[in-house]
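In what follows, a structure is listed as structure tokens, so that the remarks can point back to it.
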Amino acid sequence: MKKKLLTVLLSTALCISVLSGCGSNTETAKTEAESSQAVTDSEEKESTEAASEETSTDASETDDKAAADEVAALIDKIYVQERTETTDEDCKKAKEAWDALTDAQKELVKGENADPDYFGRDTGDAGKDDPLNSDEIGDNEILVVSFGTSFNDSRAEDIGGIEKAIQAAYPEWSVRRAFTAQTIINHVQARDGESIDNMEQALERAVANGVKKLIVQPTHLMHGAEYDEMKAAVEKYATNFESIEISEPLLGEVGEDATTVNDDKKKVAEAVVSAAVEASEYDTLEAADKASTAFVFIGHGTSHTAKVTYSQMQAQMSELGYKNVWVGTVEGEPEETACDKIVEAVHEAGYKNVILRPLMVVAGDHANNDMAGDDDDSWKSVFTASGHFDKIDTQIAGLGRIEAVQQLYVDHISAVTDGASSSAESSESAENSGDKLEDGVYLADFETDSTMFHVNEVSEGKGTLTVKDGKMVLHILMPSKNVLNLFSGTAEDAQKDGAELINPTVEEVTYKDGQKEEVNAFDLPVPTLGEEFDCALIGTKGKWYDHKVKVSNPEAVTEDVSESKSEDVEDGEYTVEVSLEGGTGKASITSPAKLVVADGKMTASIEWSSPNYDYMVLDGTKYEPVNTDGNSVFEIPVAELDKDINVVADTIAMSKPHEIEYVLNFKASSLKKN
């Protein structure tokens, strides 16, 4: 009985225990489920908040990019070479939009030409620069024309240094400034609020101020593309002043070939080398040489035929005995001035240290970035990456701050104010003695007392002189239609009743680039050869001006030749003068050349000064040499006389074959039948 009772009690206890355990597990499961749901809810909330924050960030970044792109578009709009009616307002809008950006947004500015440096880079204090654009000029003005720079310190020290030196040398003249690069003018105006005249603005200012005598002094290095454009701009105002003179650029006349040097190039070479040595750790150039240090002076470079000037500067350095000095160019034209060629030359010469310095009037973008920048393609980086050198230093200083260079510009102005000329005087022919010429047609030089009164560039300084019954008349082409009448005599006599004015005829000229233009032409009576005589002119402003002109060096031509066109030349064998432009200036061709006309088609024999030309290309057709010995000779077709013909000649004289572009021109006036 006791055993049964114990068994019942134990069973009851066990059931209670089991039931109790089951209840505890149910509560635990419920608690765990509730906890899991809470975690899920929290994670979903955090995810929602993160997504919201990410969406907000994306929207903010989109807004930043849009604001930066707007500024980039405004910068690109003013990064142009032409001034328009909206330029001033566009410059203002670009700066205001930039100032409204945050620092982070400014870093996002990126356009075709726009970047954060356009407004953000510190180039010095613009307040130190004087734009020289005030009125009250007076009768006499010297207009100093520069390409320009947006680097404030260089503009004040280099361009400003030249302008101040000229003003000090000519206190009775007013010195004013013009830049030819509208992109730079706009940059300075937008960023610094400084207004600089372009060529048209400066010349219009001179006219409005009643300037009578104008001297234009370019700060350009050479007679290159910028000089040509400047000269063309000035020529449009030829009749607005009593006299206009354009003085020489820094390095003077270009010269015939790569070995041609002159006093200007010598003075600049001496000045820049002296300044570079002084700025270095060496006392003399010879001391630098002994320390295995070379100097490399870097110019801009150009595809213009004046690029031979850089080769001439290298020749000048050699002539001065500067054996550890090289001249290079950013553009690598001429080709021997390219960075890789200079690196190789300096390395082969055994130098271990190099000092880079610009051969430029200003120390602007090219000096700071292309020469001394940190990008992989800068000259400093390329020299360093070559692994040939122990040390590369840079000197960021323009030529304009060098006193000797400033004086050279002053001397160039003195040359035109004194009526001097830097070019050598050509000897005059026997006909200039006053002896009468036989009746016939001649080509003669036409010279004037002003660079702004001259014949059209297609005439190459000459006119067609016709002699009949002992009377001489020179037919001359003007650069435009701006000269309305000529008069054989003084301006005073031209305005008298009964004065016989010379009226123009209108003729069409074709320039080297193929452009055509109608210009005025005049038949000017010539009283004597080789002596100055009076010739007055009146332009579109209605004012007469006095000039002195001279006709000299007549060369006889036959009537049929002087009027010949390609289609007019009879079949036969001829000789013809041919000019060559392009290349480094070292190559030449034989002139006069042989010209054969058969069935109305002309073929010329071109003989080079070297046997190393293996083919020529003309209008896509390849021509092989017609000889195997001696200098290379080619036979090429000539479509027209007195017209530029673009050809390519391949030379094997260098380490590898190299195609070089040239321009040939066969002179119809020199055509002589055998």
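Whole-percent P(r), segment 579-674, all Cα pairs, 5 Å bins from 0: 3, 12, 25, 28, 18, 9, 3, 1, 0. Summing charges over neighbours of A345, with a neighbour being any other residue whose Cβ is under 13 Å away from its Cβ, gives -3 when K and R count +1 and D and E count -1.
Computed over protein heavy atoms with a 1.4 Å probe, the carbon and sulfur contribution to the accessible area of the chain reaches 47%. Placing +1 on each Lys and Arg Cβ and -1 on each Asp and Glu Cβ, with no other charges, gives the chain a dipole about its Cα centre of roughly 1780 debye. The calculated FRET efficiency for S303 paired with S60, based on their beta-carbon distance and R0 = 45 Å, is about 0.40.
Candidates V261, N456, V234 compared by Cα position along the dipole of the chain: farthest toward the positive end lies V261, with charges placed on Cβ. The residues of the chain expose on average 51 square angstrom of accessible surface per residue, using a 1.4 Å probe on protein heavy atoms.
For segment 50-209, what value does the Rg/Rh ratio take when both radii are computed over Cα atoms and Rh is the Kirkwood radius, given to two decimals? Could you put the intermediate results ahead of the total?
Working: Rg = 19.6 Å, Rh = 17.4 Å.
My calculation of the ratio gives 1.12.
Helical content of the chain, expressed as a calculated mean residue ellipticity at 222 nm, amounts to -10000 deg cm²/dmol (DSSP H runs of 4 or more residues, -39,500 (n - 2.57) each, divided by residue number, nearest 500). Segment 98-121 and segment 586-604 have Cα centres lying 58 Å from one another. Calculated FRET efficiency, K92 to A208, Cβ-Cβ distance, R0 = 25 Å: about 0.50 to the nearest 0.05.
Once the Cβ-Cβ distance of E661 and V382 is raised to the sixth power relative to R0 = 25 Å, the FRET efficiency obtained is 0.45.
Protection proxy ranking, highest mean first, for peptides 104-114, 616-626: 104-114, 616-626, where packing is the per-residue count of other beta-carbon atoms within 10 Å, averaged. Once Lys and Arg get +1 and Asp and Glu get -1 on their Cβ, which of I78, P625, A598 lies farthest toward the positive end of the dipole of the chain? Checked the options; the winner is I78. Taken over segment 203-345, the alpha-carbon convex hull comes to 130 cubic angstrom per residue. Converting phi to 3J(HN,Hα) with the Karplus coefficients 6.51, -1.76 and 1.60 and the offset θ = phi - 60°, segment 156-171 yields 6, 8, 8, 5, x, x, 5, 4, 5, 5, 5, 5, 5, 7, 10, x Hz in sequence order, with x at every glycine or proline.
Between 0 and 90 degrees, the angle of helix 339-348 with respect to the longest Cα principal axis of the chain falls at about 90 degrees. Remark: relative contact order (the chain) = 8 percent; criterion is Cα-Cα distance under 8 angstrom and separation of 6 or more residues. Put a dot 7 Å past the Cα of D228, heading toward its Cβ, do the same for Y623, and the two dots end up 2.3 nm apart. Using a Debye calculation, one point per C-alpha and no hydration shell, please list log10 I(q)/I(0) for segment 337-413 at q = 0.25 Å⁻¹ in order. Calculated log10 I(q)/I(0) at the listed q: -1.11. In straight-distance terms, cross-link reach from K290 covers every one of the lysines whose alpha-carbon lies under 20 Å from its own, apart from those fewer than eight places away in the same chain; here that gives K323, K352, K391. So, counting K/R as plus one and D/E as minus one, what does the shell of residues with Cβ under 10 Å around H223 add up to? Net charge around H223: -3. Which pairs break 24 Å Cα to Cα here: K164/K267; K341/K380; K65/K128; K512/K541? The pairs that break the limit, which is 24 Å between Cα atoms, are K65/K128; K512/K541.
Please give the helix 225-235 orientation as an angle from the longest Cα principal axis of the chain, in degrees from 0 to 90, rounded to the nearest 10. Between the helix axis and the principal axis of the chain, the angle is about 60 degrees.
Work from the charge dipole of the chain (Cβ charges, +1 for Lys and Arg, -1 for Asp and Glu, about the Cα centre) and give the residue of H304, P554, V509 farthest towards its positive end. It is H304.
Quick check: residue separation of K164 and E242 times 0.36 nm, minus the Cα distance between them. What number comes out in nm?
Numbers: separation 78, 0.36 × 78 = 28.08 nm, distance 2.54 nm.
Contour length minus Cα-Cα distance gives 25.5 nm.
For segment 505-558, the alpha-carbon radius of gyration amounts to 1.48 times the rule-of-thumb value 2.2 N^0.38 Å expected for a compact globular protein.
Label positions at A404 and D263, each projected 7 Å from the Cα along the C-beta direction, are separated by 1.5 nm.
Can you give the Rg/Rh ratio of the chain, where Rg is from the C-alpha atoms and Rh is the Kirkwood radius? Mind showing how you got there, number by number?
Numbers: Rg = 37.8 Å, Rh = 30.5 Å.
Computed over Cα atoms, the ratio is 1.24.
The values are calculated or read from the model by the stated rules, or taken from the named source; none is laboratory data. This structure is a prediction, so every number in the text was calculated from the model and none was measured. Quick reminder, even Gly has a Cβ in these numbers, built from the backbone with ideal geometry, and neighbours come from all protein chains shown. Accessible surface areas use protein heavy atoms only, side chains included; no ligands, DNA or RNA. Shrake-Rupley method; radii C 1.70, N 1.55, O 1.52, S 1.80 Å.
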